[in-house]
Amino acid sequence: MRLKDKVALITGGAGGMGAAEARLFAQEGAAVMVSDVNVEGGKKVVAEIAKKGGKAAFVEHDVTSEAEWKAAIAETERRFGRLEILVNNAGIFVTSIIEKTPEEEWDRLMDINGKGVFFGVKHAIPAMRRVGGGSIVNISSTAGIVGSTLEGAYTATKGAVRLFTKSAALQGAKDGIRVNSVHPGVIDTEMLAPLLTDKFRKFLLQRVPLGRLGTAEEVAKVVLFLASDDASYVTGAEFVVDGGDMAK
Ligand SMILES: NC(=O)c1ccc[n+]([C@@H]2O[C@H](COP(=O)([O-])OP(=O)(O)OC[C@H]3O[C@@H](n4cnc5c(N)ncnc54)[C@H](O)[C@@H]3O)[C@@H](O)[C@H]2O)c1
């Protein structure tokens with residue numbers, strides 16, 4: 001078991017990649033605090049994990065609220081004794097042409113995808129320092145590495161996460177806290193579902209050298225590696241999980 005007796009908090013754990021990470025982490029021996037604004041979905045993931053003999057709990061948590069971040073970390077420590085792994089996974093996606101993007105949409109994307117990660121790192125560092133170190137995995141995107149004709153504000157948030165991760169890695173290193181970013185490409189989750197018309201799916205598939213969309217489980221396996229001691233010398237790094245898209 002690669003996370004035996006570790007304690008992890010996963011934001012946005014009610015669905016998509018966050019839920020896949022929660023299931024895999026529990027299977028690998030971690031106690032998992034699933035956090036999300038989606039209470040029903042989050043509790044369902046926890047119940048599934050418990051049914052398979054895993055250890056998990058749910059906390060309602062909006063990542064844009066600093067007070068809720070403090071409460072989520074405190075609840076993780078209360079339930080499971082400590083915090084060693086944080087996956088900053090919660091996020092939203094909006095396709096928008098820059099000149100048609102309203103200010104409120106920019107702010108909402110920045111709040112959830114950007115500020116949410118900032119708060120997470122800010123409050124996880126002292127908690128991890130208390131237990132001698134830890135691992136933080138920030139979920140960015142390939143849209144945090146290259147520009148996009150379809151997304152403007154979203155790319156800005158994911159680019160911010162990419163570089164913020166490197167600063168956090170530098171600041172966490174002396175305390176044994178590793179911080180890395182993961183950059184999924186086109187992954188088949190609820191986030192993309194409303195956009196996946198046959199035509200758009202075909203367009204996306206042409207883009208991906210491996211010729212198919214990725215799965216949440218394929219991303220979760222990379223996140224697991226970074227969360228585990230197998231990645232003990234890996235920090236400040238970025239991992240692309242995109243079927244080869246960024247190789248072009
Ligand atoms: N699906 C993709 O193709 C893709 C590609 C690259 C990056 N990503 C990133 O991966 C992460 C997970 O995406 P997904 O595809 O699993 O999406 P998803 O929509 O399936 O899941 C996202 C989860 O985040 C939660 N969430 C949204 N706002 C929140 C908030 N304010 N506080 C707490 N939780 C909140 C949602 O309730 C949901 O459960 C996101 O950060 C996303 O930007 C996704």
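The values are calculated or read from the model by the stated rules, or taken from the named source; none is laboratory data. Everything quoted here is computed from the prediction, not taken from an experiment. Neighbour counts are summed over all protein chains in view; Cβ atoms, including those assigned to glycine, are modelled from backbone coordinates with ideal geometry. Surface areas here come from the heavy atoms of the whole protein model, side chains and all, with no ligands, DNA or RNA. Shrake-Rupley method; radii C 1.70, N 1.55, O 1.52, S 1.80 Å.
Separation of segment 116-147 and segment 18-32 by C-alpha centroid, Å?
Segment 116-147 and segment 18-32 have Cα centres spaced 18 Å from each other.
So what is the accessible area of segment 7-236 per residue, in Å², with the probe set to 1.4 Å?
About 46 Å² of surface per residue is accessible.
If you place +1 on the Cβ of every Lys and Arg, -1 on the Cβ of every Asp and Glu, and leave all else neutral, what size is the dipole of segment 168-219 about its Cα centre, to the nearest 20 Debye?
Dipole about the Cα centre, nearest 20: 260 debye.
For segment 7-236, give the percent of accessible area contributed by carbon and sulfur heavy atoms, probe 1.4 Å, rounded to a whole number.
Using a 1.4 Å probe with all protein chains present, segment 7-236 comes out at 54 percent carbon and sulfur.
Starting at the first residue of segment 231-238, write each ³J(HN,Hα) from the Karplus equation 6.51 cos²θ - 1.76 cosθ + 1.60 with θ = phi - 60°, in whole Hz, x for Gly and Pro.
9, 4, 10, 10, 8, x, 9, 10
For segment 103-172, state the average projected area of the convex hull of the C-alpha atoms over all orientations, rounded to one decimal in nm².
That works out to 4.8 nm², a quarter of the Cα hull's surface.
Going 7 Å from the Cα of K44 along its beta-carbon direction, which residues of segment 181-197 have the amide nitrogen within less than 12 Å of the resulting point?
Inside the label zone: 190.
Going by average Cβ neighbours within 10 Å, how do the peptides 197-203, 155-161, 108-114 rank, with the highest at the top?
Ranked by mean Cβ neighbours within 10 Å, highest first: 155-161, 108-114, 197-203.
How big is segment 7-236 on each of its three principal axes, counting only the C-alpha atoms and giving the largest first in Å?
For segment 7-236, the Cα spread along each principal axis is 48, 38, 33 Å.
Dipole of the chain, Cα-centred, from +1 at each Lys and Arg C-beta and -1 at each Asp and Glu C-beta, to the nearest 20 debye?
The calculation lands at about 680 debye.
For a Förster distance of 30 Å, can you work out the FRET efficiency between the beta-carbons of E60 and K202, rounded to the nearest 0.05?
About 0.20, to the nearest 0.05.
Let me spell out the model: positive unit charges on the Cβ of Lys and Arg, negative unit charges on the Cβ of Asp and Glu, origin at the Cα centre of segment 130-248. What dipole size does that give, in debye rounded to 20?
The dipole magnitude comes to about 280 debye.
Give the long-range amide H neighbours of I136: residues separated by 5 or more places, or on another chain, with amide H under 5 Å away, using H modelled in the peptide plane at 1.01 Å from N.
Correct list: L86, R178, V179, N180.
Give K115/K199; K4/K115; K51/K202; K6/K174; K4/K122 a once-over and call out the pairs whose C-alpha atoms are over 29 Å from each other.
Among K115/K199; K4/K115; K51/K202; K6/K174; K4/K122, the Cα-Cα distance tops 29 Å for K115/K199; K4/K115; K51/K202.
Starting from the amide H of K55, placed 1.01 Å from N in the peptide plane, find each other amide H under 5 Å away whose residue is 5 or more places distant or on another chain.
Answer set, sorted by chain and number: V32.
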